Every structure is written in structure tokens, then in C-alpha cells.
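Working notes for the structure below.
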Amino acid sequence: MSSRVKVVVTGAAGQIAYSLIPRLVDGNTFGDKIVDLCLVEIPQVVSKLEGLVMELEDSYFPNMGEVTYTDNFEEASNNADWFLLVGSIPRGIVYEGKKIEERSDLLKINGGIFVKQGEAIGKNGKNDAKILVVGNPANTNALIGKNSAGKESQLWMAMTMLDSSRAKSVISKKTGTNIKDVKNMIIWGNHSPTMYPDVENVLIDGELGKDVIDDMKWVEDHFLPTVQQRGKAVIDSRGASSATSAAKAALDTIIACENTTKEGNSFSAAVASDGAYGVPEGLICGYPLITLSDGSVEIKRDISMSEFAKKKFQISIDELESEREAVKHLLK
Ligand code: NAX
């Protein structure tokens with residue numbers, strides 16, 4: 001295995017990236033590998049990255065390799081092992097004279113960005129590159145990127161780890177269990193309020209959630225809405241979206257992919273469906289994943305779902321299908 005890893009981060013001057021980037025080189029995420037960073041921003045703000053690079057240099061990170069920054073994604077993508085696609089145009093800003101408020105506008109604008117980035121990754125990224133899309137709408141951005149890249153050996157994921165960590169935290173409080181003993185927290189579907197956090201298959205101190213939590217009213221009235229609406233609750237309080245927790249979730253996704261998954265556990269991310277669990281092929285859907293000892297990442301296929309869970313999951317699958325329909329002109 002190579003002792004160097006090249007990581008490309010877009011949206012590098014944004015708030016998630018400010019928490020994320022230093023921790024890519026702190027020796028935890030990639031172990032003792034030397035990490036080369038290539039930071040990408042749009043032309044209007046790329047010069048801000050000079051200051052971030054200064055800070056990285058001043059922080060004494062023994063595992064930090066070469067650090068570069070650019071507004072040229074195509075150039076950045078050359079020979080990269082990991083792509084953290086955090087950059088996207090957020091809801092609420094004025095873009096080309098129009099205030100972006102509708103999810104459909106967001107899909108259109110960010111979709112265009114992900115066509116170009118996907119093409120560059122397919123052409124220039126390593127054959128076994130892993131791509132984590134954080135920028136929203138993450139699943140559909142990943143769908144567009146993967147489709148444009150056209151390289152099956154590369155792994156495209158959309159981030160649902162933050163949703164999974166949020167769900168673990170709620171379960172840990174409810175049951176009085178230490179959070180490290182809450183495992184296998186699956187997020188089914190879309191990274192949106194339709195996601196279904198699986199309260200039945202979560203392992204709480206080794207026991208299945210369905211055997212520990214015998215309170216469907218709490219699940220319906222508290223657990224699901226709390227997890228599904230947590231992003232909004234953070235925005236309402238902070239006046240800005242989740243940043244440090246989103247950065248931690250991106251790091252946790254990398255760590256989960258870089259290390260063999262322990263027996264009985266899984267981690268959450270959305271990947272392309274091959275029909276698993278009845279999801280239409282090609283949709284980038286939240287699944288339970290495992291990393292095998294050869295480094296490959298697979299969907300865990302032995303999870304059983306109740307009728308209640310299947311019904312909730314279907315709502316999210318339907319949303320993913322309607323998003324795919326909305327961007328079909330961007331798909332080859
Ligand atoms: P910020 O607005 O602070 O930063 C985004 C940065 O991306 C900006 O600096 C912008 O210039 C840059 N950017 C835009 N287009 C770009 C492009 N084509 N190439 C390179 N850079 C580009 O947002 P931040 O709070 O960091 O959030 C980033 C994204 O993460 C948003 O789309 C947000 O919705 C999404 N989130 C996703 C989460 C998830 O769990 N999947 C949770 C947190 C977060 O809400």
C-alpha cells in the first residue's frame with residue numbers, strides 16, 4: 001500500500017473545510033501516510049486559501065506532504081486518491097442575479113458543477129479513487145458526478161455519516177448507553193428530511209434496537225423528526241449550518257473506508273444501488289456498508305426490515321427518483 005495519499009478538497013475556503021482540512025493531516029485519519037492536499041475553490045475566493053495554507057504550515061503536522069491550492073479542478077484531480085467534494089452553491093444566495101430558494105434550482109446549478117468535476121475525476125483521478133460528496137443535494141450531486149466520470153472502479157459516495165452520528169447520539173441519550181457502544185446505525189435513502197434512520201437494526205451494547213426500544217410513539221414523535229430535522233435545528237440556533245460535526249463525519253467516513261469493518265458492524269454512506277433492497281439501479285442511496293480486508297467497500301446485504309421500515313424507506317427512494325428525473329438532462 002502506498003505511503004502517500006493525495007486528497008482533493010473542494011469548497012476549501014468554506015466553514016466545513018476549515019474544520020476538516022487540518023484533521024486530514026493530523027495522523028489520525030490516514031494513519032502514518034503522508035497526505036498531499038490539493039485545495040480547490042471558485043476563482044472569486046481562491047486567494048483566501050493562501051491564508052489557510054499558511055496556517056497549516058504553522059501548525060506542525062508531521063504527516064503533511066505537499067499542499068497546493070487552485071481554482072482549476074481539472075488540474076487538481078490529477079492522480080488523486082480521495083476527493084472530498086464539499087463545495088457547492090448553497091440555498092439562499094443570489095446566483096447569476098437570481099435568489100436560489102427552490103431545491104430544483106439547487107439541483108440545476110450544482111448539477112452543472114458536478115458534471116464537470118465528474119468528468120475530470122473519471123479522466124484524471126486514480127482508478128480506485130474514492131469520492132465523498134458532502135455538498136448538497138449530496139446524493140443527486142454524486143449521481144451526476146458518477147455518471148459523468150463513467151469509471152466503475154472508482155467509488156462514489158454521498159455523505160450520510162453525520163445523520164448516522166446524530167441518530168447514535170439520540171439513541172445513546174434515550175438508553176443511557178455510551179455512544180461508543182451504539183453501532184450499526186443505518187441511514188436508508190436520501191440525505192434529506194426523508195431519510196430513514198434504522199432504529200430496529202441499530203446495536204445498543206450488542207442488542208438489537210427493536211429488542212431494546214419498545215416505544216414506537218417515541219420513535220415516530222421524537223427519534224425520527226429529531227434526526228431528520230437536526231440540520232435545520234442547528235441552522236436555527238447557530239445561524240449557520242453544521243460545520244464541525246459535518247467535518248467529523250467526513251473524517252469518520254474516510255476512516256471507515258480505510259479500515260476493515262468489524263464483524264457485525266457497518267457504516268453509513270450512500271452509494272449506487274445495484275438493486276440491493278429493491279432500490280432502482282443507479283440511484284445513490286443510503287445503505288449499510290462494510291469495508292473488506294482487501295480495501296473494497298460493499299453494501300451489507302443481510303439486514304432485515306420491518307413493514308414499518310420499508311414504508312419509510314420507500315418515501316426516500318421516491319424522492320431520489322424524482323431528483324433523478326429533475327436532472328435527467330445532465331445524465332449520459
Ligand atoms: P460554505 O458556504 O461555508 O462553503 C462552501 C464553499 O464551497 C464556498 O467557499 C464556495 O466558494 C465553495 N464552492 C462553491 N462552488 C464550488 C466549486 N464549483 N468548486 C469549488 N468550491 C466551490 O458551506 P459549508 O457550510 O462548508 O457547506 C458545504 C456544503 O455541505 C453545503 O452544500 C451544505 O449544504 C453541505 N452539507 C452537507 C452535509 C451532509 O451531511 N451531507 C451536512 C452539512 C452541510 O449542510
Order 251-264, 41-54 from most to least packed using the mean count of other Cβ atoms within 10 Å. 251-264, 41-54
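Could you work out the relative contact order of region 161-328? I mean the mean sequence separation of Cα pairs under 8 Å and 6+ apart, divided by the number of residues, in percent.
The normalised contact order for region 161-328 reaches 25 percent.
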Near the amide H of GLY65, under 5 Å away, which other amide H atoms are found, from residues 5 or more places off or on another chain, if H is placed in the peptide plane? VAL35, ASP36, LEU37
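Neighbour counts of other C-beta atoms within 10 Å: give me PHE267, PHE308 arranged from fewest to most. Kindly include the intermediate steps, with their values, before the conclusion.
Numbers: PHE267 26, PHE308 14.
If I rank by nearby Cβ atoms, fewest first, I get PHE308, PHE267.
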Global geometry of region 20-73, whether rounded, prolate or oblate, following the gyration tensor of its Cα atoms and the 1.5 cut on a/c: prolate
With only Lys, Arg, Asp and Glu charged, each at its Cβ (+1 for the first two, -1 for the last two), find how big the charge dipole of the chain is about the Cα centre; round to the nearest 20 debye. 400 debye
Give the distance, in whole Å, between the Cα centre of region 18-97 and the Cα centre of region 105-136. 16 Å
Distant-in-sequence amide H partners of LEU283 (H built 1.01 Å from N, under 5 Å): SER273
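Which pairs in the list LYS151/LYS310; LYS33/LYS126; LYS180/LYS210; LYS168/LYS312 are over 23 Å apart, alpha-carbon to alpha-carbon?
The pairs that break the limit, which is 23 Å between Cα atoms, are LYS151/LYS310.
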Provide the packing ranking of 133-144, 310-321, 29-40, i.e. peptides ordered by the mean count of other C-beta atoms within 10 Å per residue, highest first. 133-144, 29-40, 310-321
Which residues in region 304-321 place their backbone N less than 20 Å from a point set 7 Å from the Cα of GLN229 along the Cα-to-Cβ direction? 312-313, 315-316
Could you order the peptides 221-228, 96-103 from most to least packed, using the average number of other C-beta atoms within 10 Å per residue? 221-228, 96-103
Cα-projected label distance for ASP302 with GLU321, points at 7 Å along beta-carbon direction, nm: 3.0 nm
Sort TYR69, TYR95, TYR60, TYR18 so that the residue with the fewest other Cβ atoms within 10 Å of its own Cβ comes first and the one with the most comes last. TYR60, TYR95, TYR18, TYR69
Cross-link reach list, aspartates and glutamates versus LYS123, counting only Cα pairs under 15 Å and skipping chain neighbours closer than eight places: GLU74, GLU75, ASP81, GLU152
From phi via Karplus (6.51, -1.76, 1.60), per-residue ³J(HN,Hα) for region 205-218 in Hz, x at Gly/Pro: 6, x, 10, 5, x, 5, 8, 9, 9, 9, 8, 5, 5, 5
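Bear in mind these aren't lab numbers, they're just calculated from the coordinates by the rules spelled out. The shown structure was predicted, so the numbers you read here are calculated from the model rather than taken from an experiment. We place every Cβ from the backbone using ideal geometry, glycine too, and count neighbours over all the protein chains shown.
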